[in-house]
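Comments concern the structure below.
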Amino acid sequence: MFFFGRKSHGSGAPETTAMTVSSKLRGLLMQQLRGTSQLYFNISLRSLSSSAQEAPEVVSDHNYESIQVTSAQKHVLHVQLNRPEKRNAMNRAFWRELVECFQKISKDSDCRAVVVSGAGKMFTSGIDLMDMASDLLQPSGDDAARIAWYLRDLISKYQKTFTVIEKCPKPVIAAVHGGCIGAGVDLISACDIRYCTQDAFFQIKEVDVGLAADVGTLQRLPKVIGNQSLVNELTFTARKMMADEALDSGLVSRAFQDKDAMLNAAFALAAEISSKSPVAVQGSKINLLYSRDHSVDESLDYMATWNMSMLQTQDIIKSVQAAMEKKDTKSVTFSKL
């Protein structure tokens, strides 16, 4: 589809000699660049291996009570559920702050991938019932109809907390250790990629507290693992799904010995994603989600309409040139998106 060449303006000896010298210099320069790129890549990997121990750089425009946002490395943000003393239970602030956080990330042209994890001993224990009991158990309203409208609005707001992750065009990687309970399953179901540790477990806990999961699990999980029978079993019984079963079922794509190993792998994956064209990656996410909820014909039509403009990006030219010149694609600099 694409061709890159050089026009010929004659065949004189001086020009031929100049082109030969230029070609040799270009070859030497490319060798040096490849060596530098490989050195930088090795340094980056060493940095990743110690990322769990280094003090994170807090992002200045993300100041929250329940979550912490840090810059893991270039183009990669780390969103951490940050109430370890409460097992990262989701309080009122969390449901509001996560929306604000991912709305900002969606518009952050420097961010290309996100890792979500939990501080402390577990990913999350789910909803903070003590903090939110009055909203759920003592709703305001003069009669049943008005109470119902209030609750519907409240549930819709809570649903948006995780839908905003799915709608964020940047790929989001969930890194789960320990328990991922109740609303935690709703959260990770809205993420694009899921890793876990060997001690992780997943539990759709809502039936044990007398309600049906209502912020995403029942809608997304069947499409994530593609096994309606298993989803029904987990939902109706509230039993724990351990890491091995989560891996076998496709809920997670990889399982690791411990949290440090998992986070290092998650950051390495985020770095790999962020080295690609953001036009290509973010367009792929949007179209994958569209295809999940539409027919093949509708999705192909949407894809054609999408790429009628996206094929005009300079990212394609840069990528093809790098491939033709046998350059490491990680050395290509793509504009912010």
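Pop out the carbon and sulfur fraction of the accessible area of segment 155-305 as a percent, whole number, probe 1.4 Å.
The nonpolar share, carbon plus sulfur, comes to 56 percent.
At 7 Å along Cα-to-Cβ for each site, give me the label-to-label distance between ASN227 and GLN312 in nm.
4.7
Any chance you could run the full-extension gain for MET130 through LYS330? It's 0.36 nm times the residue separation minus the Cα-Cα distance, nm to one decimal.
Extra length available between MET130 and LYS330 comes to 67.2 nm.
Cut-off under 16 Å on the C-alpha distance; same-chain residues fewer than 8 positions from LYS160 excluded. Which aspartates and glutamates are left, in chain and number order?
Cross-link targets: GLU97, GLU100, ASP186, ASP214.
What FRET efficiency would be calculated for the residue pair GLN219, GLN321, taking the C-beta separation as r and a Förster radius of 45 Å, to the nearest 0.05?
Step by step, r from the Cβ atoms, then E = 0.55.
Can you work out the PRE-style zone for VAL207? Point 7 Å along Cα to Cβ, and I want the residues of segment 113-136 with backbone N under 20 Å.
Counting only backbone N, you get 126-127.
Spin-label point model (7 Å from Cα, Cβ direction): what's the ASP293 to TRP149 distance in nm?
Reported label-point gap for ASP293 and TRP149 is 2.6 nm.
Tally Lys and Arg at +1 and Asp and Glu at -1 over the other residues with C-beta under 15 Å from the C-beta of PRO278: what net charge comes out?
+4
When you count, for each residue, the other Cβ atoms within 10 Å and take the mean per peptide, how do 92-100, 310-318 rank with the highest first?
In descending order of packing, they fall as 92-100, 310-318.
Looking at segment 102-231 from every direction and averaging, what is the projected area of its Cα convex hull in nm²?
Here the figure is 9.6 nm², rounded to one decimal.
Label LYS157 and ASP142 with points 7 Å out from Cα along Cα→Cβ: what is the distance between them in nm?
Output for this residue pair reads 2.1 nm.
With a 1.4 Å probe and every protein chain left in place, work out the accessible area per residue of segment 217-337 in Å², rounded to a whole number.
56
To make sure I understand the rule: partners must be aspartates and glutamates, Cα under 19 Å from the Cα of LYS336, and not fewer than 8 residues away in the same chain. Which ones qualify?
Partners found: ASP61, ASP108, ASP110, GLU272, ASP315.
The values are calculated or read from the model by the stated rules, or taken from the named source; none is laboratory data. Just so we're clear, the structure is a prediction, and the values are computed from it rather than from any experiment. With ideal geometry, Cβ positions are generated from the backbone for all residues, glycine too; neighbour counts draw on all protein chains shown. In case anyone asks, the SASA skips ligands and DNA or RNA and just uses the protein heavy atoms, side chains included. Shrake-Rupley method; radii C 1.70, N 1.55, O 1.52, S 1.80 Å.
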